[in-house]
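J.: Below: one structure in structure tokens.
What follows is calculated from the coordinates using simple rules that are stated; it is not laboratory data. None of these values were measured; they are calculated from a predicted model.
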Amino acid sequence: MSFFNLLKHSLSIIAVFKNTFLVRSTLFLIVYLFLMIGKISIITLIPVIGILIMMASVFILSKRENMLEYNNSLKNIESIDKIK
């Protein structure tokens, strides 16, 4: 598996908990910016930029959800008995 696919897979796993991730990331950013209020520079903004990129990536990957396929998954399980 390539590094890009591994990264995409990891972010897809986090996307399952996107609401919790959003709350915790927002709280982290608020606390971090509060602590860095007098010392803000390009270097101290790197974690902020990283978290924002990660949040955007998780929400973009979470758009791949397909509820129609999920709802039809039980029909696929029922058809396994016919194969046997």
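J.: Of the listed values (i) 3, 17, 30, 29, 16, 4, 0; (ii) 3, 12, 15, 15, 13, 12, 10, 6, 4, 3, 3, 2, 1, 0; (iii) 3, 11, 12, 11, 9, 9, 7, 6, 6, 6, 6, 5, 4, 3, 1, 0, identify the label whose number matches P(r) over Cα pairs in 5 Å bins from 0, in percent calculated from this model.
T.: Answer label, from the structure shown: (ii).
J.: Still on this structure, please answer the following. Which of Phe34, Phe59, Phe17 moves the most in a Gaussian network model of the chain with Cα springs under 10 Å?
T.: Largest GNM mean-square fluctuation: Phe34.
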